[in-house]
Amino acid sequence: MFFQQLITGISVGGIYALLATGYSLIYSLLDFSNWSHGEFAMIGAYTAIVFSTVVKAPFALAALAGVAGGALVSFLCERFAYRRIRRNGAPNMFLMIAAMGLSNVFQQASNLIFTGQYRSYPFQLPVSTVKVGSAYIGVLDVVSLLITAVVLMALIYMINKTQFGLNVRAIANNAGAAKVLGIKVDSNIAKVFLLAGSLAGVAGVLYGMKYNVFPTMGNVGLKAFIASVIGGLGSVPGAIVGAMLLGVLETFVSAYISSSLRDFFSFALLIVLLLVKPSGLFGVDVQDKA
Amino acid sequence: MTNNNSTPVLEMIHVEKHFGGVHAIDDFSVKIEHGKIHGLIGPNGAGKTTIFNNITGIYAPDAGQILFNGTDITGTPPHRIAQIGIGRTFQNIRLFANMSVIDNVIIASNMDAKYNLPGALLHSGQYKEDEKKLREKAIDLLSVVGLQDKLDERANSLPYGHQRKLEIARAMALNPKLLLLDEPAAGMNAEESVELANFVRFIRERFDITILMIEHHMDVVTNLCDYCTVLNFGKTIAVGTPAEVKADPEVIRAYLGS
């Protein structure tokens with residue numbers, strides 16, 4: 001039972017991590033919380049639905065289209081909304097408000113287009129379980145976990161070991177200095193939105209496989225946001241650790257206490273952590289960031 | 001690029017910049033020959049840093065022209081300016097504070113890298129070769145400024161004087177032909193200022209570079225600059241050798257104040 005819950009918890013945490021890293025990346029560059037990020041996952045999930053039902057593409061292709069869909073919408077939000085607001089020299093608060101607006105528009109639009117009905121992928125998903133020792137592990141959880149692990153490892157490698165990652169870290173540290181050292185700040189920001197959007201797309205498809213696809217599924221972004229705050233806003237490894245903690249905590253609370261108290265415990269963890277360590281587990285400084 | 005000495009490295013012609021009704025720079029012109037150190041002096045708010053921001057493309061001037069080795073660079077974006085060979089430092093040091101000393105320098109030279117993303121993820125030969133070259137170049141530069149023992153320290157853990165040197169090493173990683181130094185001796189005592197002046201002179205010889213510097217310390221300017229321009233409220237009030245401008249009555253009135 002314990003082991004089984006742990007695997008489920010990590011698998012849920014993995015989906016949170018795919019989104020939480022996106023929040024962190026964008027926060028580290030632009031100092032605002034991109035509230036429409038959860039909707040990129042929802043759009044990714046619906047893109048995969050459209051490709052699998054309307055276009056009748058095989059699942060792998062539909063899933064890739066979902067990832068691309070998340071990436072594209074994220075990129076467009078940056079290009080046509082956030083970038084213009086930044087250019088106007090507006091306070092960061094405006095970016096956050098614009099993001100909230102976009103989030104609403106996307107939710108309502110998907111409600112109009114797809115109705116509020118729960119949809120599932122028209123494929124035989126591996127819902128079976130395998131017996132490991134005395135525990136039954138869901139195959140879907142394991143598949144989701146493996147995909148997440150590969151994607152997150154690639155992400156960490158990109159951030160830490162490539163020139164692109166170095167540029168992104170430099171912009172996060174000091175965009176003004178990065179500019180005069182030959183780094184194209186805007187184009188790197190655009191790439192980060194593509195990257196964060198595609199991670200959200202992966203999260204959306206995995207989440208849709210587990211819990212179906214519906215217009216408000218992007219609200220999972222709130223959990224991912226909590227995870228990134230727990231880990232320390234702006235820190236990618238922090239976001240991953242925070243997401244895993246939150247996923248495991250929620251699963252254990254649901255299993256051993258009560259699933260209706262799940263969110264109570266998530267938010268309680270957030271509040272306690274903010275009281276004890278305001279900068280989060282991996283946060284550097286939070287002085288001027290709140 | 002070999003510079004034939006008749007073309008100035010930097011030429012600014014009637015450059016103007018206003019913010020609202022404030023004339024931050026008013027009709028500013030300057031010509032800097034290859035290998036010279038040119039000083040930009042004047043009281044706070046005289047428009048010195050605005051001139052740097054115009055050269056490096058942070059702002060586009062409202063009027064006038066900026067030529068770099070004879071090419072018009074007016075209004076070119078900052079990352080392009082860096083790529084064509086103008087490096088700068090900042091008055092309030094702007095390092096990548098949370099990154100290592102060596103990463104600070106590698107960033108500035110990373111446009112030399114030719115590998116692509118799949119190459120990086122798969123550790124291609126090009127990736128390894130480029131990374132090795134970038135690292136070696138950074139170590140060379142850091143040795144020149146005497147920071148070769150601090151490669152993996154965090155930039156903001158260095159003492160102040162070393163941070164200044166790191167910022168200069170980082171600018172030099174662009175292989176610049178023109179280096180803009182914004183108050184390199186700010187916050188230094190007399191002894192440190194002398195050391196800094198020697199260091200700047202050494203950089204000029206070692207890299208055969210042209211330097212435009214903003215400086216408040218008159219002793220540093222006298223010691224180091226071939227020519228200087230004195231500004232007051234955006235207007236040029238004197239141009240000449242340090243000795244000449246020090247003797248200029250208007251400069252004495254506006255700036256030296258005694």
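Out of the residues in region B:68-82 meeting the condition of being crowded, with 17+ Cβ neighbours inside 10 Å and part of a helix (DSSP H, G or I), tell me which one is farthest from the other protein chains (Cβ to nearest Cβ).
Initially, region B:68-82 is screened for residues crowded, with 17+ Cβ neighbours inside 10 Å, giving B:68-69, B:73-74, B:76, B:78-79, B:81-82.
From the residues that got through so far, the ones that are part of a helix (DSSP H, G or I) too are B:78-79, B:81-82.
Values: B:78: 4, B:79: 5, B:81: 7, B:82: 4 Å.
Selected residue: B:81.
Which residue, of B:221, B:194, B:200, is β-branched (Val, Ile, Thr), touching a Gly at 6+ places or on another chain (Cβ under 7 Å) and either modelled with pLDDT under 90 or assigned by TED's automatic domain parsing to the domain that holds residue B:245 (or both)? Step through it out loud before you land on a result.
Working: B:194 fails: touching a Gly at 6+ places or on another chain (Cβ under 7 Å); B:200 fails: touching a Gly at 6+ places or on another chain (Cβ under 7 Å).
Only one candidate passes the filter, namely B:221.
Applying the selection to region A:187-222, what residues are of a type in the set (D, E, K, R) and at pLDDT 95 or above?
A:191
Take the residues of region B:179-218 that are crowded, with 18+ Cβ neighbours inside 10 Å and β-branched (Val, Ile, Thr): which is nearest to the chain's Cα centre (by Cα)?
Residue satisfying both the conditions and the ranking: B:211.
Hey, residue B:159 hits all of (1) touching a Phe, Trp or Tyr at 6+ places or on another chain (Cβ under 7 Å); (2) at pLDDT 90 or above; (3) surrounded by fewer than 22 Cβ atoms within 10 Å (Cβ to Cβ) but one; which does it fall short on?
(1)
What do you reckon, is residue A:171 over 13 Å from the mean Cα position of the chain (by Cα) and surrounded by fewer than 22 Cβ atoms within 10 Å (Cβ to Cβ)? So that I can check it myself, show each step before the final result.
Values: over 13 Å from the mean Cα position of the chain (by Cα): yes; surrounded by fewer than 22 Cβ atoms within 10 Å (Cβ to Cβ): no.
Criteria not met by residue A:171.
Residues that are farther than 23 Å from residue B:52 by Cβ: which helices (runs of 4 or more DSSP H) entirely in region B:147-249 hold 2 or more of them?
It comes to B:190-207, B:242-247.
Identify, by number, the condition in (1) surrounded by fewer than 19 Cβ atoms within 10 Å (Cβ to Cβ); (2) in contact with a Ser or Thr (Cβ under 7 Å, 6 or more places away or on another chain); (3) within 24 Å of residue A:176 (Cα to Cα) that residue B:57 doesn't meet.
Against the list (1) surrounded by fewer than 19 Cβ atoms within 10 Å (Cβ to Cβ); (2) in contact with a Ser or Thr (Cβ under 7 Å, 6 or more places away or on another chain); (3) within 24 Å of residue A:176 (Cα to Cα), residue B:57 comes up short only on (1).
Any residue at all in region B:43-50 that's outside any strand (DSSP E or B) and without any contact (Cβ under 8 Å) to a residue 12 or more places away in the chain? Break it down into steps so the answer makes sense when it comes.
Let us first name the residues in region B:43-50 that are outside any strand (DSSP E or B), namely B:43-50.
With the extra rule that they be without any contact (Cβ under 8 Å) to a residue 12 or more places away in the chain, the set shrinks to B:44.
Looking for residues that are outside any strand (DSSP E or B) and without any contact (Cβ under 8 Å) to a residue 12 or more places away in the chain, one finds at least one in region B:43-50, hence yes.
Of the residues A:18, A:6, A:25, which single one is in contact with a helix residue (DSSP H, G or I) (Cβ under 9 Å, 6 or more places away or on another chain), surrounded by fewer than 23 Cβ atoms within 10 Å (Cβ to Cβ) and hydrophobic (A, V, I, L, M, F, W, C)? Reasoning before the result, please.
Values: A:18 fails: surrounded by fewer than 23 Cβ atoms within 10 Å (Cβ to Cβ); A:25 fails: surrounded by fewer than 23 Cβ atoms within 10 Å (Cβ to Cβ).
When all the criteria are applied, what remains is A:6.
Among the candidates A:135, A:154, single out the residue that is within 14 Å of chain B (Cβ to nearest Cβ) and surrounded by fewer than 17 Cβ atoms within 10 Å (Cβ to Cβ).
Details: A:135 fails: within 14 Å of chain B (Cβ to nearest Cβ).
Result of the check over A:135, A:154: A:154.
Against the conditions (1) surrounded by fewer than 24 Cβ atoms within 10 Å (Cβ to Cβ); (2) under 19 Å from residue A:114 (Cα atoms); (3) not basic (Lys, Arg), where does residue A:61 fall short? Just the number, please.
The number of the failed condition is (2).
In this structure, is residue A:118 within 14 Å of chain B (Cβ to nearest Cβ) and either within 25 Å of residue A:20 (Cβ to Cβ) or touching a residue at least 40 places away in the same chain (Cβ under 8 Å) (or both)? Show your work before the answer.
Details: within 14 Å of chain B (Cβ to nearest Cβ): no; either within 25 Å of residue A:20 (Cβ to Cβ) or touching a residue at least 40 places away in the same chain (Cβ under 8 Å) (or both): yes.
Spelling it out, it is not the case that residue A:118 is within 14 Å of chain B (Cβ to nearest Cβ) and either within 25 Å of residue A:20 (Cβ to Cβ) or touching a residue at least 40 places away in the same chain (Cβ under 8 Å) (or both).
Please name all residue pairs, on different chains or six or more residues apart, with Cβ atoms under 8 Å, provided the first residue is in region B:1-15 and is in the same structural domain as residue B:27 (by TED's automatic domain parsing) and closer than 9 Å to residue B:67 by Cα and the second residue is modelled with pLDDT under 75 and in a loop (DSSP other than H, G, I, E, B).
Cβ pairs passing all conditions: B:9/B:3.
Can you say whether residue B:64 is outside any helix (DSSP H, G or I), small (Gly, Ala, Ser), in contact with a His (Cβ under 9 Å, 6 or more places away or on another chain) and surrounded by fewer than 22 Cβ atoms within 10 Å (Cβ to Cβ), as far as the supplied structure shows?
Numbers: outside any helix (DSSP H, G or I): yes; small (Gly, Ala, Ser): yes; in contact with a His (Cβ under 9 Å, 6 or more places away or on another chain): yes; surrounded by fewer than 22 Cβ atoms within 10 Å (Cβ to Cβ): yes.
In short, yes.
Of B:87, B:119, which residue is under 20 Å from residue B:202 (Cβ atoms) and either surrounded by fewer than 18 Cβ atoms within 10 Å (Cβ to Cβ) or within 11 Å of chain A (Cβ to nearest Cβ) (or both)? Full working, then the answer.
Values: B:119 fails: under 20 Å from residue B:202 (Cβ atoms).
Of the residues listed, the single one that is under 20 Å from residue B:202 (Cβ atoms) and either surrounded by fewer than 18 Cβ atoms within 10 Å (Cβ to Cβ) or within 11 Å of chain A (Cβ to nearest Cβ) (or both) is B:87.
Which numbered condition in (1) closer than 18 Å to residue B:108 by Cβ; (2) within 12 Å of chain A (Cβ to nearest Cβ); (3) at pLDDT below 90; (4) surrounded by fewer than 17 Cβ atoms within 10 Å (Cβ to Cβ) is the only one that residue B:124 fails?
(1)
Taking region B:237-258, which residues are modelled with pLDDT of 90 or more and among the polar types (S, T, N, Q)?
B:241
Within the bounds of region A:185-193, is there any residue that is in contact with a strand residue (DSSP E or B) (Cβ under 7 Å, 6 or more places away or on another chain), farther than 24 Å from residue B:124 by Cα and more than 14 Å from chain B (Cβ to nearest Cβ)?
No; the residues of region A:185-193 include none that is in contact with a strand residue (DSSP E or B) (Cβ under 7 Å, 6 or more places away or on another chain), farther than 24 Å from residue B:124 by Cα and more than 14 Å from chain B (Cβ to nearest Cβ).
Go through region A:263-285 and count every residue that is under 25 Å from residue A:27 (Cβ atoms) and assigned to a helix (DSSP H, G or I).
Taking region A:263-285 and keeping what is under 25 Å from residue A:27 (Cβ atoms), we get A:263, A:265-285.
Still in the running and assigned to a helix (DSSP H, G or I): A:263, A:265-276.
Here the count works out to 13.
The values are calculated or read from the model by the stated rules, or taken from the named source; none is laboratory data. Computed from a prediction, not measured in an experiment: that's the story for all the values here. Cβ: placed from backbone, ideal geometry, glycine included. Neighbour counts: every protein chain shown.
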